[in-house]
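Written below as structure tokens is the structure these notes are about.
We did not get these values from a lab; they are worked out from the coordinates using the rules stated. Values in this document were obtained by computation on a predicted structure and should not be read as measured data. Glycine also receives a Cβ, built like all others from the backbone with ideal geometry; neighbour counts cover every protein chain displayed.
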Amino acid sequence: MDGAVKRGGQEEPAWYCLDYEKTGRLIYLSHLDLLSLWERAFRRSGLPLFWRRGFRPRPRLSAGPALPLGVASRAEVLALALVRPLACDEIRERLARQLPVGIVLRRVRPGRDVAPPDRQAWRLLFPRPLPRAGELRARIEAAGPVQDRRGRRHDPAAAVLDLRVAGRELRLLLATPGGRGLRPDGLAPLLGVGRPEMIEKMAAGGRSEDIQGNTKETDDTQIADQRGRPGGTPHRRRGKR
């Protein structure tokens, strides 16, 4: 196929979803800077990009919800438009060579659905061993409604669909209707166990199975990356280290 599909006289691009991870020091990259990083990778890859028309033409793409700064993720998605269809493996191979350490392109699939899921699986690592899951659940239920930074009220007990504990690690399955809901960094203060050293999104559209199994603590390098940049202020911690 030589060009974009035409429907009703209008060119229609071929859309692909890019499932990727954001880890390491790139967790401090803002959402806009992350999109700029992807745009540079698209340009260097030589893929037949579908460009937006206008004074400043740019590759046409669609991004999922922004991650909080300093949070890692194994389940991010971005949709890219191409002028013509290509094999998913070819797209992945050409893009993977252009991405920096900290961005891992896990899969390329046809489609453009980047709508926020109704539930997400999260993993938090704390400085000390945690109480049992039942006790944490009781603390959440006793907390009552909470308000986020945007003034929206949430019921923590309803937001936590499942909860698992293993040592210092807490895994959560949170309800996020319409992509909104209580975030793990907003839930953590209700537990009374201090600030988490690491927060990571494990899966979007998660199930209880996504937070089951043997838990594995993150290596010291990853934890250090999420505490803060060298010479900077610690991430999500105050006072002395």
Taking 17-23, 91-97, 27-33 and ranking on average Cβ neighbours within 10 Å, highest first, one gets 17-23, 91-97, 27-33
Here D for the stretch 130-200, in µm²/s, from Stokes-Einstein with a Kirkwood Rh over Cα pairs at 20 °C and 1.002 mPa s, works out to 172
Per residue convex hull volume, Cα only, the stretch 5-110, in Å³ is 102
About its Cα centre, the stretch 5-110 carries a charge dipole, from +1 on Lys and Arg Cβ atoms and -1 on Asp and Glu Cβ atoms, whose size in debye to the nearest 20 is 280
